[in-house]
C-alpha cells in the first residue's frame, strides 16, 4: 500500500505547487509531471497487479493469432493492442498506452473545468477512478473518454459530446449509458425531480434482482454472482458514495451556479447512485453495478473543488478540508487493499523497450 500512498502524496504536492505558482510555465510543467508519474506508475506495474491485468496481457501476447476471445473485444481496444504489439513485445507498452489514454483524458478535463485542480487530482486517485483501469482496462478507458466529453455536455454542444461517447463505446459498449445523460443532466433541481428520484429508487430496489437473474440466465452467466449479496469492499464503496452524494446535495446552496454546471454534474452523480443503493437494499451484489457507476460517480471529482471555491476562509473551512482529505485517504486505503489484487504493488522488472 505504501507505493500508492507515496504516489498520492507526490502527485498532489506537485499539482498544488504548480497551481500556487504565478508562472504559467511551472503550472504546465507540474501538470505534465503529474501525468507522467500517473502513467508510469500504472504502465510499469507487473502483470500480477490487478485481477484482470493478466487477461489483457494474454490478449496482447496472442495479438497475431486472433483467438476467439480476442476477436470478440471492441475494435478500439483491439486497435490499441495491435499498436502496442507493433511497438514492442513487452506488455508494459500496452499498459503505458492504456494509462496514457485514460490519465490524459482525466487530467485534461480536470484542468479545463477546475481552478483548484489539485483537489480534483487528489480525488482522481483516492476515489478509485485512477486504479479502476488497473483491472477493467477497456471500461476504464471508456469512462475516461466519457469524462473528457463532460465539458461539451456543460456547454450544451451535442455533436462533440456524442462523438466522444461513441468513441468511448469503441473501447467498451457500456459507454453508451452516458448518451442519455446529455438530456438527463438538468441545470436545476425541483421537488418533482426529487420525487422522481425517490420513486426511481423504490422501483430499482424491487426490480433489480429480477433484472440481474434475467441477464445471468438469458444473456451472460458471468453476471450470476451479482445476484448474491456480498460483504466488504462493495458495501463500503456504496456507503461512501451515498454519504458523498448527500453532502454534495445538501451543500449545493452555497454554490453560485448561474450556469448550472454544478447542478448538471450533481444530477449525473445522483442518477448513477440510485442503482448502487438499490443493489444494497435488494441484497444484490453491488460489484457489477459499481462498474457502471463509474460513468456517474466520477462527476464527484469536479464537484468538490467547485464547493471549496465557495467556502470562505474560516477555521471551520480548514477543519472541513482536513476531514475531507482524511476521509479520502482512508477510503483509498480501504478500497485499494480490498479490491482487485492491487496490493502489493510490483514493478515489471523485465521491461526493455
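The values are calculated or read from the model by the stated rules, or taken from the named source; none is laboratory data. Predicted model only: the values in this text are computed from it and were never measured. A quick note on method: Cβ atoms are made from the backbone with ideal geometry, for glycine too, and the neighbour counts reach across all protein chains shown.
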- Query: Is there any pair linking a residue in region 1-16 that is in contact (Cβ under 8 Å) with a residue 24 or more places away in the chain and assigned by TED's automatic domain parsing to the domain that holds residue 45 to one that is outside any helix (DSSP H, G or I) and surrounded by 14 or more Cβ atoms within 10 Å (Cβ to Cβ), with Cβ under 6 Å and at least six apart or on different chains, and which?
  - Reply: 1/343; 3/345
- Message: Can you confirm whether residue 134 is more than 21 Å from residue 28 (Cα to Cα), crowded, with 24+ Cβ neighbours inside 10 Å and touching a strand residue (DSSP E or B) at 6+ places or on another chain (Cβ under 9 Å)?
- Response: yes
- Task: Please go through region 169-186 and pick out each residue that is assigned to a helix (DSSP H, G or I) and touching a residue at least 60 places away in the same chain (Cβ under 8 Å).
- Result: 169, 173, 174, 175, 177, 178, 181, 184
- Task: For residues that are under 15 Å from residue 140 (Cβ atoms) and over 17 Å from the mean Cα position of the chain (by Cα), tally how many sit in region 168-180.
- Result: 1
- Failed item, numbered, when residue 200 is tested on (1) at positive phi; (2) outside the structural domain of residue 120 (by TED's automatic domain parsing): (1)
- Query: Got a number for residues in region 284-317 being at pLDDT below 80, surrounded by fewer than 21 Cβ atoms within 10 Å (Cβ to Cβ) and part of a helix (DSSP H, G or I)?
  - Reply: 6
- Item | Total residues in region 37-55, condition in a helix (DSSP H, G or I) and in contact with a helix residue (DSSP H, G or I) (Cβ under 9 Å, 6 or more places away or on another chain) | 9
- Query: Do we find a residue being touching a helix residue (DSSP H, G or I) at 6+ places or on another chain (Cβ under 8 Å), outside the structural domain of residue 110 (by TED's automatic domain parsing), surrounded by fewer than 18 Cβ atoms within 10 Å (Cβ to Cβ) and not in a helix (DSSP H, G or I) anywhere in region 243-256?
  - Reply: yes
- For residue 127, indicate whether it is crowded, with 24+ Cβ neighbours inside 10 Å and within 19 Å of residue 181 (Cβ to Cβ). yes
- Task: Among the residues of region 1-36, count how many are outside any helix (DSSP H, G or I) and touching a helix residue (DSSP H, G or I) at 6+ places or on another chain (Cβ under 7 Å).
- Result: 2
- Looking only at region 36-56, count how many residues are surrounded by fewer than 21 Cβ atoms within 10 Å (Cβ to Cβ) and either touching a strand residue (DSSP E or B) at 6+ places or on another chain (Cβ under 7 Å) or over 16 Å from residue 125 (Cα atoms) (or both). 8
